[in-house]
Amino acid sequence: MGKYIVKRVLLMVPTLLGVAVLIFFLMRVVPGDIVELRFAGESAFAQKENLDKERVRLGLDQPLLTQFIRWMSGIVQFDFGTSMWTGAPIIEEIKLRFTLSMQLAIMATIVAVVLAIPLGVLAAIKQDTWIDYTVRIFSIAGLATPSFWLGIVFILLLLIVFKWLPPMVYTPFWVSPVQNLAQLIWPALAVGYRYSAVATRMTRSAMLEVLREDYIRTARAKGLWQNLILSRHALKNAMLPVLTVIALEFAFLMGGLVVTEQVFNLNGLGMLFVESVAHRDYTLTQALVMLVAFMFIFVNFLVDLAYAWLDPRIRFR
Amino acid sequence: MAIGRPAESIAEIPTAESTAARWFRIVRQFCRQRPLGAIGAVIVLINLVVAVGANVMAPYDPLATDYGAMLAAPNRAHWLGTDAFGRDVLSRLLYGSRTAMLVGFACAFWGATVGAVIGVASAYFAGKVDLIVQRVMDIFLAFPLIILALAIVSIFGTGIGNVILAITIPMIPRAALVARSSALAIREMPYIDAARAAGFRHKRIILRHMLPNVMASYLIMLTAYLGQAILLEASLSFLGLGVAEPTAAWGLMLRGAAVQFAESAPWMAIFPGLAISLAVFAFNLFGDSLRDALDPRLRTQ
């Protein structure tokens with residue numbers, strides 16, 4: 001097992017390096033740089049020498065390779081530099097948004113799990129009945145409904161039916177849990193619906209597969225209770241693929257909620273990404289992309305480990 | 001020749017049914033066995049008809065502003081109301097399906113096709129080529145779809161062509177992954193060995209012998225990506241980084257005024273979202289049934 005872990009960790013390095021190269025050069029291909037953008041409003045100062053002075057200050061006059069190596073050597077020492085736009089350390093910029101994104105992701109996961117596992121199991125047991133059809137239609141609709149639009153509909157319903165608007169300014173959970181939850185529950189529900197749809201479908205198909213196994217028949221043959229068969233034998237074995245989609249979806253939620261955050265005016269990682277790209281804030285964008293990619297790769301790694309732990313054959317492939 | 005006749009007529013039996021009749025039989029069987037899929041297919045067809053015939057069906061020009069009828073509630077003249085510029089919401093919805101279908105089909109087709117070719121080729125060549133292709137794909141897969149799409153849009157700018165490009169590129173590695181895993185099994189088939197022994201070129205083996213045999217997963221991907229592409233286009237347009245105003249696009253219709261005046265003019269925010277959901281829902285419904293029908297592993301006895 002130890003050898004397998006080492007191998008998988010080493011495989012992460014080239015992927016992360018590739019992500020770094022890709023985003024570094026992608027950002028430089030984007031037309032217009034931060035200096036032009038910042039001086040765009042003040043044409044009086046936008047003389048070539050001023051622009052060049054600013055570029056020197058930000059290190060943008062250096063050859064690309066030098067810039068890349070400087071950035072990489074910083075990352076290796078966990079130094080992500082400062083935001084080119086605000087000048088604040090990137091760690092600080094991200095830390096603020098990270099808590100919010102993390103909390104939202106956790107809440108959405110709870111919504112998804114609470115909905116998905118009972119519904120998926122139910123649909124599998126009652127395969128091809130109206131219950132199965134209803135659950136399937138509900139989950140396909142979840143995949144089809146844009147989360148951001150569902151968010152708009154929630155806000156509208158609250159406004160029109162209850163004449164109440166959820167708070168639009170973020171309050172940390174430890175300052176006021178009620179304020180905090182009153183704001184975040186809506187985006188969590190909007191995102192959680194889509195998320196639960198993915199998980200419901202996976203639960204259903206994994207359960208269907210497991211229910212056809214010989215050991216389930218054996219358990220039935222020896223007269224075990226249906227409930228016990230389901231909880232002890234079937235669900236346990238069907239859980240792994242479900243946990244996988246939940247974990248991957250979670251990693252996606254941390255950086256991919258660009259649009260829903262916009263609707264609810266949430267200052268999460270997704271919103272920060274859109275802003276930093278718009279500002280051509282190279283250092284911040286790069287750090288964000290590396291963070292999101294790292295989380296995704298790391299979750300994949302954990303999933304692989306779980307599989308290898310449960311199925312020893314994988315370790316020797 | 002007396003002996004020849006029965007042999008001929010045996011050979012004729014499969015072709016006795018014309019191609020049209022065979023298709024008709026397949027369609028009928030699909031409808032009977034998978035009613036949900038059939039419903040999905042019907043909605044998709046309606047959507048396509050609307051997209052093609054938007055100019056005939058739309059009661060108004062989707063770009064025509066009418067400042068006398070701004071933010072009008074649904075009424076007899078404007079069935080679904082008007083937006084902040086007095087543009088007819090129904091007409092914009094109908095024309096919007098054109099944008100959605102165009103983006104959906106273009107992205108799904110190119111994403112699935114290019115991905116399938118890369119995936120199959122990677123499986124066929126195996127060894128170092130496969131390893132390198134897989135690592136490159138891994139890099140792209142580490143980005144959430146929307147993040148990569150956003151980065152690409154900021155490079156090439158907004159507009160329908162660039163949006164298609166921005167959605168297609170992140171789809172390619174996902175398609176390649178699926179196609180590769182189905183192609184791995186096909187590579188071991190005797191007919192591939194036979195083709196190789198016959199001295200066919202790599203290109204011919206990949207395109208003529210392997211690709212047709214991953215058709216099932218290709219079609220499944222195609223239908224799944226159709227819905228995803230429409231959703232992504234709507235998200236990008238909603239952020240103002242997709243299709244540019246004043247083109248009629250569902251995501252764009254939800255942007256700005258639709259949210260600003262949501263309380264007093266909810267029809268602006270409700271109908272485009274319903275249109276997106278219904279279109280994607282139909283594709284998913286059809287795609288799901290198609291997957292059940294094509295994937296023998298999931299086929300219920």
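For the reader, a short list of remarks on this structure follows.
- In region A:267-276, of all residues being of a type in the set (A, V, I, L, M) and surrounded by fewer than 24 Cβ atoms within 10 Å (Cβ to Cβ), the one that is farthest from A:Leu150 (Cα to Cα) corresponds to A:Val274.
- Number of residues in region B:46-80 that are assigned to a loop (DSSP other than H, G, I, E, B) and out of contact with any strand residue (DSSP E or B) (no Cβ under 6 Å at 6 or more places or on another chain): the value is 18.
- Residue check for B:Trp110: surrounded by fewer than 22 Cβ atoms within 10 Å (Cβ to Cβ), touching a helix residue (DSSP H, G or I) at 6+ places or on another chain (Cβ under 8 Å) and assigned to a loop (DSSP other than H, G, I, E, B): no
- A single member of B:Val129, B:Val178, B:Val120 is crowded, with 22+ Cβ neighbours inside 10 Å, assigned to a helix (DSSP H, G or I) and of a type in the set (Val, Ile, Thr), and it is B:Val120.
- Single residue of region B:244-267 satisfying the filter (at the interface with chain A (Cβ under 10 Å from one of its Cβ atoms) and crowded, with 24+ Cβ neighbours inside 10 Å) that is nearest to B:Val163 (Cα to Cα): B:Gly251
- Residue count for region B:132-151, restricted to those that are more than 8 Å from chain A (Cβ to nearest Cβ) and out of contact with any Lys or Arg (no Cβ under 9 Å at 6 or more places or on another chain): 3.
- Filtered by the rule that a residue be hydroxyl-bearing (Ser, Thr, Tyr), closer than 26 Å to A:Val263 by Cα and either assigned to a helix (DSSP H, G or I) or touching a Cys at 6+ places or on another chain (Cβ under 8 Å) (or both), region A:112-149 gives A:Ser139, A:Ser147.
- One residue stands out among those in region A:207-244 that are hydroxyl-bearing (Ser, Thr, Tyr) and under 31 Å from the mean Cα position of the chain (by Cα): the one that is farthest from A:Phe301 (Cα to Cα), which is A:Ser231.
- Restricting region A:1-15 to residues that are more than 8 Å from chain B (Cβ to nearest Cβ) and surrounded by 14 or more Cβ atoms within 10 Å (Cβ to Cβ), the residue that is nearest to the chain's Cα centre (by Cα): A:Met12
- Flag if B:Ala179 is more than 14 Å from chain A (Cβ to nearest Cβ), small (Gly, Ala, Ser) and in contact (Cβ under 8 Å) with a residue 40 or more places away in the chain: yes
- Filter pass, A:Met27 being buried (at least 16 other Cβ atoms within 10 Å of the Cβ) and more than 24 Å from B:Ile155 (Cα to Cα): no
- Of all residues in region A:147-198, those satisfying the criterion of being within 12 Å of chain B (Cβ to nearest Cβ) and either under 28 Å from A:Met239 (Cα atoms) or of a type outside the set (A, V, I, L, M, F, W, C) (or both) are A:Ser147, A:Gly151, A:Lys163, A:Ala190, A:Tyr193, A:Arg194, A:Ala197, A:Val198.
- The residue that is surrounded by the fewest Cβ atoms within 10 Å (Cβ to Cβ), among those in region A:204-226 that are more than 14 Å from every other protein chain (Cβ to nearest Cβ) and of a type in the set (Gly, Ala, Ser), is A:Gly223.
- Condition met for B:Arg291 (within 14 Å of another protein chain (Cβ to nearest Cβ), closer than 30 Å to A:Ala124 by Cβ and among the basic types (Lys, Arg)): yes
- From the options A:Ile152, A:Ile131, A:Ile91, residue that is in contact with a Phe, Trp or Tyr (Cβ under 8 Å, 6 or more places away or on another chain) and surrounded by 14 or more Cβ atoms within 10 Å (Cβ to Cβ): A:Ile91
- Checking each residue in region A:125-146 for being within 30 Å of B:Leu239 (Cβ to Cβ) and either facing another protein chain (nearest Cβ under 10 Å) or at pLDDT below 90 (or both) picks out A:Ile137, A:Ser139, A:Ile140, A:Ala141, A:Gly142, A:Leu143, A:Ala144, A:Thr145, A:Pro146.
- Residue among A:Leu104, A:Leu60, A:Leu122, A:Leu115 that is more than 14 Å from every other protein chain (Cβ to nearest Cβ), crowded, with 17+ Cβ neighbours inside 10 Å, over 25 Å from A:Gln226 (Cα atoms) and at pLDDT 90 or above: A:Leu104
- Inside region B:147-162, residues that are among the hydroxyl-bearing types (Ser, Thr, Tyr) and in a helix (DSSP H, G or I) make up a count of 1.
- Check on B:Leu241, at pLDDT 80 or above, within 10 Å of chain A (Cβ to nearest Cβ) and not in a helix (DSSP H, G or I): yes
The values are calculated or read from the model by the stated rules, or taken from the named source; none is laboratory data. All of these numbers come straight from a predicted model, not from anything done at the bench. Cβ coordinates were reconstructed from backbone atoms using ideal geometry, including for glycine residues, and neighbour counts include every protein chain displayed.
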